[in-house]
Amino acid sequence: MTSSARRLSADDLLVLLAVGRTGKYTTAAEELGLNHTTISRRIAALEEAMGGRVLARVAGGWELTDLGRDALAAAETVESAVRSLAADPAGQRALDGVVRISATDGFSAYVAAPAAAAVQRMHPLVAVEIVATTRRATQQRSGLDVEVVVGEPRVRRAKALRLCDYRLGLYASRDYLDEHGAPADVSDLQRYPLVYFIDSMLQVDDLDLAASFAPTMRESVTSTNVFVHVEATRASAGIGLLPCFMADRHPDLVRVLAGQVSAQLSYWLVARAEALRRPEVAALVDAIRDRIRDQQDALMGLR
């Protein structure tokens with residue numbers, strides 16, 4: 001055995017595990033109950049023992065190097081051995097820890113939140129943090145275990161898994177239609193204002209839909225938040241281009257031109273391979289898939 005191998009510390013490996021999963025020294029320090037200086041010292045000791053860098057600085061945090069990923073595999077083995085000591089008499093160990101997911105507003109509320117609640121009921125020591133945002137997948141997932149985005153992402157050093165399809169349609173409130181009438185066809189849409197995203201602030205190419213069927217519709221109330229779209233449409237601000245699984249929950253909203261205007265998009269899950277190996281993360285992903293199966297008709301606008 002080499003002197004470097006003798007200097008390897010299981011504690012240092014577990015510190016690397018925390019930093020590798022969160023991408024940040026500060027978050028790892030909070031998780032482990034250590035200070036930033038101790039985290040830095042432990043990583044330096046591990047790099048000295050292994051003879052190379054295990055972490056590389058990236059925008060907003062840290063990312064594992066190839067050597068760091070090798071060390072992480074060993075760290076996961078150490079963690080599994082430690083956790084096995086906490087198994088109940090039936091051999092089942094309690095899951096604990098924090099899982100942080102980023103997802104669009106609608107997905108966060110109607111898919112991720114119920115899935116997180118299901119995980120928490122089964123594993124009370126697991127906390128799930130949901131960051132609601134509509135954006136492209138990030139190349140550096142510092143501080144995130146899972147991202148859910150619209151459209152197939154292009155990512156490095158991460159897995160992209162297709163979750164499901166969903167549909168959007170045009171909706172208007174019953175009061176608005178009583179006052180202004182329903183559009184007769186697509187060409188008639190030019191008479192109506194559109195409720196949708198702020199065009200200049202839209203970050204997701206797949207959501208740039210309005211110009212394809214209604215280039216002459218003038219903007220009404222626009223927002224970066226899809227819940228604002230729904231409520232503005234309910235308040236008779238115009239015709240909203242809304243996810244069916246959100247709009248169909250409101251009996252005061254009526255879908256218009258359903259046979260002529262329908263957009264189908266997809267949700268994708270993005271995560272590092274090492275994050276997906278965490279039992280807590282795997283439990284949340286399984287719960288999300290279960291929720292999607294339960295809500296399939298609603299997501300496709302079939303209810």
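Taken together, the values in this text are just the output of simple stated rules run on the coordinates, not laboratory data. Quick caveat, the model's predicted, so the values are computed rather than measured. Note: ideal-geometry Cβ built from the backbone for every residue, glycine included; neighbour counts use all protein chains shown.
Set the Förster distance to 25 Å, then compute FRET efficiency between ALA160 and ARG277 from the Cβ-Cβ distance, nearest 0.05. List each step's numbers first, then the result.
Working: r = 16 Å, r/R0 = 0.65.
Taking R0 as 25 Å, the efficiency between ALA160 and ARG277 is 0.95.
Please name which of LEU170, VAL146, LEU299 has its Cα lying farthest along the dipole of the chain towards the positive end, using unit charges on Cβ (Lys, Arg +1; Asp, Glu -1) and the Cα centre as origin. Most positive-ward Cα: VAL146.
Evaluate the relative contact order of the range 165-263 (contact order divided by residue number), counting alpha-carbon pairs under 8 angstrom at least 6 apart; express in whole percent. Write out the running numbers ahead of the final one.
On the way: 169 pairs, mean separation 49.0, N = 99.
Computed value for the range 165-263: 49 percent relative contact order.
Relative to the dominant Cα principal axis of the chain, helix 113-122 is inclined by about 40°. In terms of the mean number of neighbouring beta-carbon atoms within 10 Å, the peptides 184-190, 123-129 order highest first as 123-129, 184-190. Overall, the range 165-263 carries a charge dipole of about 160 debye about its Cα centre when +1 sits on the Cβ of Lys and Arg and -1 on the Cβ of Asp and Glu, all other atoms neutral. Once the Cα-Cα distance is subtracted from the 0.36 nm per residue extended length, the ARG7 to THR37 segment shows a gain of 8.8 nm.
What the pair-distance distribution of the chain shows, using all Cα-Cα distances binned every 10 Å from zero, is 6, 24, 26, 19, 13, 8, 3, 1, 0 percent. Protection proxy ranking, highest mean first, for peptides 248-260, 103-115: 103-115, 248-260, where packing is the per-residue count of other beta-carbon atoms within 10 Å, averaged.
By per-residue mean of other Cβ atoms within 10 Å, what is the highest-first order of 279-288, 206-215? Display every interim value, and only then the final one.
Working: 279-288: 20.4, 206-215: 14.8.
Descending mean neighbour count gives 279-288, 206-215.
For the chain, the Cβ-based charge dipole about the Cα centre amounts to some 820 debye (Lys, Arg positive; Asp, Glu negative; other atoms uncharged).
I'd like the FRET efficiency for LEU209 and ALA56, computed as 1/(1 + (r/R0)^6) with the beta carbon distance as r and R0 of 45 Å, rounded to 0.05. Each step should come with its number before you reach the end.
Working: r = 38 Å, r/R0 = 0.84.
Plugging the Cβ-Cβ distance into 1/(1 + (r/R0)^6) gives 0.75.
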